[in-house]
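I have placed the structure first, in the form of structure tokens, so that the comments after it can refer back to it.
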Amino acid sequence: MKNLNALSIRYSEGELWILDQTLLPHKEVWIEIKKTEDMIEAIKKLKVRGAPLIGVAAALALAKLATDGANESEFLRAAKELRDSRPTAVNLMYAIDQLIKFDYSVEAVVAKAEQLFLEDVDLCERMARNGEKFISDGDNILTHCNTGGLATAGIGTALGVIKKAFDSGKKIHVYVDETRPLLQGGRLTTWELENYGIPYTLICDNMAANIMAQGKINSIFVGADRIAANGDFANKTGTYNLAVLAKYHGVPFYCVAPYTTIDFECVSGDDIPIEMRESSEVRGVKGNFGQIEWAPKGGSVYNPAFDVTPKKLVTAWILDRSVEVSTEGKLVNFVKSK
Ligand code: MRU
């Protein structure tokens, strides 16, 4: 059994702790995950979030359950409940499938869960190395949601690329979309960038067109929750807006994700299940600062957590094992790279 430490998850000797991301950036509170239900609640409430991290977190929760003495049917029931806790990020389903595909034993489950954690760290490094060359000294980069160490077991996907460029000495500046309604950009990406000392400017999502029109953005880097076989991908709502704006303004638009985010069962973006969330998230806002609702109580609300960006708007997919470039809307070698 290993000691595994990431920015927002810690696991050792069957003990599992998560950093409650709903309380960031002002409060750093670690919560102990004692039961599978605790992890399911944490995933649903976005205390643990980000596609790769929820896969790893679910795997570690199952490792803990096995260590605590669950029998096979209890283990499989918990695996199913975890798998159903959020529908869009396919990393979650991938991780669970890895844990249930062999004969049940505590040793095998623990070893596989630990391997998934360590693999994710490595995948982040690979994406960062592959993507860093698309960032030049002096660039202004726009990003959406949080795709860093808080969203993975490693340095992140899109934010990992940005961090790698900064760490290699490039003087860069990041525009951070606040990412309504749950403010992963305004609360979490800013927190990470502050900690890394990377210069940034926070903007409201609806200011992106304006700064692109002013020629302030050299490139856009985003993550993904599920990439379909044809290259369409789901990511935090608002990503598609950026892709359309990027096309109009001639700004390169990069999707950064590990192979664990690719779903070859989804032929196109139309097949990706999109999570719908509570109307209160759009009627107002909730956080460690309190809760407020400004819209009429009974009014109609539309709150999909993700949108789908069509492949023709993507300049390149920066993956762990390759960079796939799109030429005039056609994808080169995407499927072959898997
Ligand atoms: O709802 P969230 O916060 O889990 O959504 C996260 C995102 O949309 C990220 O961009 C995506 O998971 C890629 S992160 C490595």
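Where a number appears in this text, it was derived from the coordinates with a stated rule and is not lab data. Fair warning: this is a prediction, and the values are worked out from it, not measured in the lab. Here Cβ is always computed from backbone atoms with ideal geometry, including for glycine, and neighbour counts include all displayed protein chains.
Would the range 101-164 count as rounded, prolate or oblate if I go by the C-alpha gyration tensor, calling it rounded below 1.5 in a/c and otherwise prolate when a/b exceeds b/c, oblate otherwise? Spell out each step's value before the answer.
On the way: a/c = 4.45, a/b = 2.93, b/c = 1.52.
Because a/c hits 1.5 or more and a/b exceeds b/c, the range 101-164 counts as prolate.
What nm distance separates the two modelled labels at Gln214 and Ser280, each placed 7 Å from Cα along Cα→Cβ?
3.7
With all distinct Cα pairs included, what does the Kirkwood hydrodynamic radius of the range 190-236 come out to in Å, to one decimal, could you say?
Details: mean 1/r = 0.0754 Å⁻¹.
Result for the range 190-236 stands at 13.3 Å.
How big is D, in µm² s⁻¹, for the range 274-318 by Stokes-Einstein at 4 °C and 1.567 mPa s if Rh is the Kirkwood radius over C-alpha pairs? Working shown, then result.
On the way: Rh = 13.0 Å.
Answer, rounded: 99 µm²/s.
What aspartates and glutamates does Lys2 reach when the alpha-carbon gap must be under 13 Å and sequence neighbours fewer than 8 apart in one chain are set aside?
Output for Lys2: Glu13, Glu15, Glu107, Glu114.
Between Ser268 and Val244, how many nm apart are label points set 7 Å from Cα along the C-beta direction?
Taking the simple label geometry, Ser268 and Val244 are separated by 1.8 nm.
Expressed in nm to one decimal, what extension gain is obtained for the pair Asn5 and Ile100 from 0.36 nm per residue of sequence separation less their Cα-Cα distance? If you can, show how the numbers build up before the last one.
Working: separation 95, 0.36 × 95 = 34.20 nm, distance 2.40 nm.
Fully extending the segment from Asn5 to Ile100 adds 31.8 nm.
What value, in deg cm²/dmol to 500, does the helix sum -39500 (n - 2.57) over DSSP H runs of n ≥ 4 give at 222 nm once divided by the residues of the chain?
Details: 10 runs with 114 residues, N = 338.
Result for the chain: -10500 deg cm²/dmol, rounded to the nearest 500.
Which entries in the list Lys170/Lys216; Lys47/Lys80; Lys47/Lys247 go over 22 Å, if you measure between the two C-alpha atoms of each?
Numbers: Lys170/Lys216 17 Å; Lys47/Lys80 20 Å; Lys47/Lys247 34 Å.
Flagged as over cut-off: Lys47/Lys247.
Using the Karplus equation 6.51 cos²θ - 1.76 cosθ + 1.60 (θ = phi - 60°), what ³J(HN,Hα) coupling, rounded to whole Hz, does each residue of the range 274-289 give in order, writing x for Gly and Pro?
Each residue of the range 274-289 in turn: 10, 5, 9, 10, 4, 5, 4, 5, 9, 5, x, 8, 9, x, 5, 7 Hz.
Just tell me which aspartates and glutamates come within less than 18 Å, Cα to Cα, of Lys44; anything on the same chain fewer than 8 places away is out.
Partners found: Asp20, Glu32, Glu81, Asp84, Asp225, Glu275, Glu278, Glu281.
Between Trp294 and Ser168, what FRET efficiency comes out of the Förster formula 1/(1 + (r/R0)^6) with R0 = 56 Å and r the beta carbon distance, rounded to 0.05? Mind dumping the intermediate values first?
On the way: r = 44 Å, r/R0 = 0.78.
It comes out at approximately 0.80.
What is the range 92-208 by shape, rounded, prolate or oblate, if you read a ≥ b ≥ c off the alpha carbon gyration tensor as root eigenvalues and call it rounded for a/c under 1.5, prolate for a/b larger than b/c, and oblate otherwise? Spell out each step's value before the answer.
On the way: a/c = 3.08, a/b = 1.87, b/c = 1.65.
It is prolate, given that a/c is not under 1.5 and a/b is the larger ratio.
Consider just the alpha-carbon atoms of the range 1-133 and return their Rg together with their Dmax, both in angstrom.
14.3, 48
If the chain between Leu202 and Glu72 were fully stretched, how many nm would it gain, using 0.36 nm times the residue separation less the Cα-Cα distance? All intermediate terms of the calculation are to be shown ahead of the outcome.
Numbers: separation 130, 0.36 × 130 = 46.80 nm, distance 4.78 nm.
Net length gain for the segment: 42.0 nm.
Using just the alpha carbons, could you tell me how many Å³ per residue the convex hull of the range 248-304 encloses?
Details: hull volume 12.2 nm³, N = 57.
Cα convex hull per residue, to the nearest whole number: 214 Å³.
Please give the helix 158-167 orientation as an angle from the longest Cα principal axis of the chain, in degrees from 0 to 90, rounded to the nearest 10.
So the helix axis and the longest Cα principal axis differ by about 70 degrees.
If the elastic network links every pair of Cα atoms under 10 Å, which of Gly138, Gly223, Gly55 fluctuates the most in the Gaussian network model of the chain?
Fluctuation is largest for Gly138.
Given 4 °C and 1.567 mPa s, how large is the Stokes-Einstein diffusion coefficient of the range 1-66 in µm²/s, with Rh as the Kirkwood radius over Cα pairs? Can you show the working numbers first?
Values: Rh = 11.7 Å.
Rounded, D is 111 µm²/s.
For the chain, with a Gaussian network of springs between Cα atoms less than 10 Å apart, report the residue from Val90, Val56, Val251 with the top mean-square fluctuation.
Of Val90, Val56, Val251, the most mobile in the Gaussian network model is Val251.
So for the chain: antiparallel DSSP bridges make up what percent, rounded to the nearest 5? If you can, show how the numbers build up before the last one.
Working: 26 of 45 bridges.
Percentage antiparallel, nearest 5: 60.
Return the Cα extents of the range 179-338 along principal axes one, two and three, sorted largest first, each rounded to a whole Å.
Principal-axis extents of the range 179-338 (Cα, largest first): 49, 35, 30 Å.
Given the pairs Lys27/Lys286; Lys133/Lys236; Lys45/Lys286, which are separated by over 22 angstrom at their Cα positions? Write out the running numbers ahead of the final one.
Details: Lys27/Lys286 14 Å; Lys133/Lys236 25 Å; Lys45/Lys286 12 Å.
The pairs that break the limit, which is 22 Å between Cα atoms, are Lys133/Lys236.
Taking the alpha-carbon set of the chain, what are its Rg and Dmax in Å?
19.2, 60
What are the radius of gyration and Dmax of the range 158-229, computed over its Cα atoms and given in Å?
12.8, 37
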